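Down below is the structure, laid out as structure tokens.
The values are calculated or read from the model by the stated rules, or taken from the named source; none is laboratory data. Keep in mind the model is a prediction, meaning the values are calculated, not measured. Counting neighbours? That spans all protein chains shown, and the Cβs are built from the backbone with ideal geometry, glycine included.
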Amino acid sequence: MAVKTRELKDDILLDIKVNKTFYFMLKSSLFYLFQSAPGTPEEKAETFKKISKTEYKDLNEFERTFYTISLILAEIERLANATGGYVEGEILEPGDEGYVAPTVE
């Protein structure tokens with residue numbers, strides 16, 4: 001018996017709402033992938049350089065996953081920038097007036 005499937009149409013574009021929590025979840029996932037990349041530090045650097053220069057079909061599963069999450073984060077950041085979705089702030093450094101050293105409770 002045939003199994004029914006569903007997939008998006010080729011020409012569909014979806015507008016997806018993303019909140020700050022989900023954005024940070026994606027960033028955290030990408031950072032985890034970055035940290036868990038296989039190989040020596042030099043091999044990792046080459047992997048990340050290769051990803052943007054290689055066709056998706058020619059990437060391995062790790063590289064595809066990293067690339068996919070990078071693309072969605074880039075689009076979220078592009079839209080946030082275009083719509084005024086950023087709040088600017090400052091982080092004081094040691095030596096700055098008003099700097100308070102972080103503590104662990």
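For this structure, a couple of remarks:
- Applying the condition of being polar (S, T, N, Q) and assigned to a loop (DSSP other than H, G, I, E, B) to the range 76-105 and asking which residue is nearest to the chain's Cα centre (by Cα) yields Thr83.
- Test for Phe66: is it under 10 Å from the mean Cα position of the chain (by Cα), closer than 23 Å to Asp15 by Cα and of a type outside the set (Ser, Thr, Tyr): yes
- Among the residues of the range 38-65, the one identified as modelled with pLDDT of 90 or more, touching a Phe, Trp or Tyr at 6+ places or on another chain (Cβ under 9 Å), under 20 Å from Lys27 (Cα atoms) and hydrophobic (A, V, I, L, M, F, W, C) is Ile51.
- In this structure, Gly39 qualifies as free of Cβ contacts under 8 Å to residues at least 12 places away in the same chain and on the phi > 0 side of the Ramachandran plot.
- With respect to the conditions (1) in contact with an Asp or Glu (Cβ under 9 Å, 6 or more places away or on another chain); (2) touching a residue at least 24 places away in the same chain (Cβ under 8 Å), Thr54 falls short on a single one, namely (2).
- Test for Ala74: is it among the hydrophobic types (A, V, I, L, M, F, W, C), at pLDDT below 90 and surrounded by 10 or more Cβ atoms within 10 Å (Cβ to Cβ): no
- Of all residues making up the range 37-57, the number that are of a type in the set (Asp, Glu) and surrounded by fewer than 10 Cβ atoms within 10 Å (Cβ to Cβ): 2
- Selection of first residues in the range 5-33 that are free of Cβ contacts under 8 Å to residues at least 40 places away in the same chain and of second residues that are among the hydroxyl-bearing types (Ser, Thr, Tyr) and surrounded by 12 or more Cβ atoms within 10 Å (Cβ to Cβ), restricted to Cβ pairs under 9 Å at least 6 apart or on distinct chains, gives the following pairs, ordered by first then second residue: Leu33/Thr65.
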